[in-house]
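Notes for the one structure printed next.
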Amino acid sequence: MSSPSGRSAAPESLPPLTTGSGAGEKGLKNNALGLFSSVAIGLASTAPAYSLAATLGVIVAGVGLQAPIITILAFIPMLLIAYAYKELNQVDPDCGTTFTWAARAFGPRTGWMGGWGIIVADIIVMANLAQIAGSYGFQLFGFSSLSSSTLWTTVAGVIWIIVMTAICYVGIEVSAALQRWLLCIEVAMLVVFSITALVKTYSSNAPSTSIHISASWFNPFNVTSASALTAGILSAVFIYWGWDTAVSVNEETADKEHTPGRAAVISTVLLLLIYALVSTSAQAFAGVGDKGIGLSNPDNVGDVLSGLGNAVFGSKGLGWFMAKLLIFMVLTSAAASTQTTILPTARTTFSMAVHKAIPARFGYVHRRFQTPTFSTVAMGLASIAFYVLLVKISTNVLTDSIASVGLGIAFYYGLTGFACVWYFRKVLTRSARDLWFKGIMPGLGGLILLYFFCYAAFDVYASPTYGSTSIDLPIFGPTGGVTVIGLGALLLGVVLMLIQWAVQGSWFRDPDVPVSAASHDEEVVSSV
């Protein structure tokens, strides 16, 4: 492949790739996943049950009865960016996704930071997923004292990370098979929970907190202020994050140019249906009060589903079993997301190594399993180290670090939207479809996420009263810990990029991907 300057990129010695049957260009296993498995991985990576449990109460506390429309509005930028992934993957199905595409559009440094955005967001969220998995595991078996113990939930969380890393290590097909089963249980339980809650809401023995569904719930203009609306959507965006994993495993997917993009779009639409149903039914059953099972109750706001289990299903007989199954569902949701968070990060670092943007060791592929082994293990170890470090420092810092993941999400999703517009800029006037799906929709998605990033980083999250920590910064004064952690993590990427540039700068001097659709790629782009 030619460099932008027209010279052939000088190949450096790459790690040995597998030559086994079914190996693809980079050594990953070809045709291991179909559309259903790709959708399952995309959905499982978002952890629908866990995301709702952790976020729905926060949204209700901010916007009240308009929580259902907030979860629906958050779908819009996600769908727009999903189409950006779909269009870019069609011309360049590289498992580096944002890293590779941003490099093609804007150059190697921007691409490197796009890859870093994926890495840092995934490592940060792994800490929370591990903590939830550990806590819910103890709750499931009735060990309530252990579930509230920082030491034992940390130990259990570390074990979860190790187990899920091992599953990712032994093959994408094993990972996909596990995801299909876990996802079926999760979605089935969410539907059963929602239907049961709605039936009881309209029955004669409805709880005193219940409210009948009203059209006003779906009117965003009923939200008290524009800032509350924006903050609510910003919180809701988090529950959609993760569908891009379906595209990160593109090189292991059948029909890699088309199936991953379709899976990404299908995943976001299915998430919309799930979130709209559950948020509406939970609100109708529990209400938005701050007492008892009310969704704004500060005692339950961080985990609304486990608090509603007994109320919806009862505490005896089959109801007891269903309530336990609901807890198990949130546990498996967090566990599944732990696994599917490892997948895209390992493949991002793998792609970066193959393109010589980070040390070559990250590009090692197992000859038998045909998975990026070093990248997978490194992701697991980095997640464990980050998790243990934050728990050791302070659980408040851990809490704020999880809130800061939204900045990483908005950064690399938004960058992908802008990369799509710029990469395809030469063909946007070719047809109405090209204009909308390659230009207007990805560009609008990028602008929305840029607004959310700036609003969150420099207004909401920057307030010293927001979150659990505040840091007194030179020049800026007291600043919310969420902003400091989120922006600090992204800026750390700049430092690491400069170090990599100094140590092994071939990617930055002469990247082995053609830059922009203006030259080499015009032939590829025009054929799509």
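The values are calculated or read from the model by the stated rules, or taken from the named source; none is laboratory data. From a predicted model like this one, the values you see are computed outputs, not experimental measurements. Virtual Cβ from ideal backbone geometry, glycine too; neighbours counted across all protein chains shown. Just the protein is used for accessible areas: all its heavy atoms, side chains included, with ligands, DNA and RNA removed. Shrake-Rupley method; radii C 1.70, N 1.55, O 1.52, S 1.80 Å.
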Please give the calculated 222 nm ellipticity per residue for the chain, where each DSSP H segment of at least 4 residues contributes -39500 (n - 2.57) and the sum is spread over every residue; nearest 500 deg cm²/dmol?
-21500 deg cm²/dmol
Place the peptides 418-430, 354-366, 51-63, 455-467 in order of packing, highest mean first, counting for every residue the other Cβ atoms within 10 Å and averaging per peptide.
51-63, 354-366, 418-430, 455-467
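Hey, what did the chain get for relative contact order, percent, Cα under 8 Å, at least 6 apart?
30
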Pairwise label distance in nanometres, ILE440 with ASP299, each label 7 Å out on the Cα-Cβ vector
5.2
How far apart, in nanometres, would the label points at ARG433 and SER225 be if each is projected 7 angstrom from Cα along the Cα-to-Cβ direction?
4.6
If you roll a 1.4 Å probe over the heavy atoms of the protein chains, what accessible area per residue do you get for the chain, in Å²?
38
So for the chain, what percent of the C-alpha to C-alpha distances run longer than 43 Å?
14
What is region 243-375's relative contact order, in percent, from Cα pairs under 8 angstrom and six or more apart in sequence?
15
Restricting things to Cα coordinates, could you compute the convex hull volume per residue of region 282-373 in Å³?
144
With just the Cα atoms defining each centre, how far is region 429-489 from region 84-151? Give it in Å.
17
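On the accessible surface of region 372-466, probed at 1.4 Å, how many percent belong to carbon and sulfur atoms?
Ligands and nucleic acids excluded, carbon and sulfur give 74 percent.
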How much of the accessible area of region 182-321, in percent, comes from carbon and sulfur atoms when a 1.4 Å probe is used?
66
Going Cα to Cα from LYS26, which lysines come in below 18 Å? Please leave out same-chain ones fewer than 8 positions away.
LYS256, LYS356
Give the residue from SER333, ALA215, SER463 lying farthest towards the positive end of the charge dipole for the chain; charges sit on Cβ (+1 for Lys and Arg, -1 for Asp and Glu) and the dipole is referred to the Cα centre.
SER333
Taking the Cα-to-Cβ direction at GLU257 and at ARG180 and moving 7 Å from each Cα, how far apart do the two end points lie in nm?
2.7
With +1 on the Cβ of every Lys and Arg and -1 on the Cβ of every Asp and Glu, and nothing else charged, how large is the dipole of the chain about its Cα centre, in debye rounded to the nearest 20?
400
Hey, any idea what % of region 76-124's accessible area is carbon plus sulfur with a 1.4 Å probe?
59
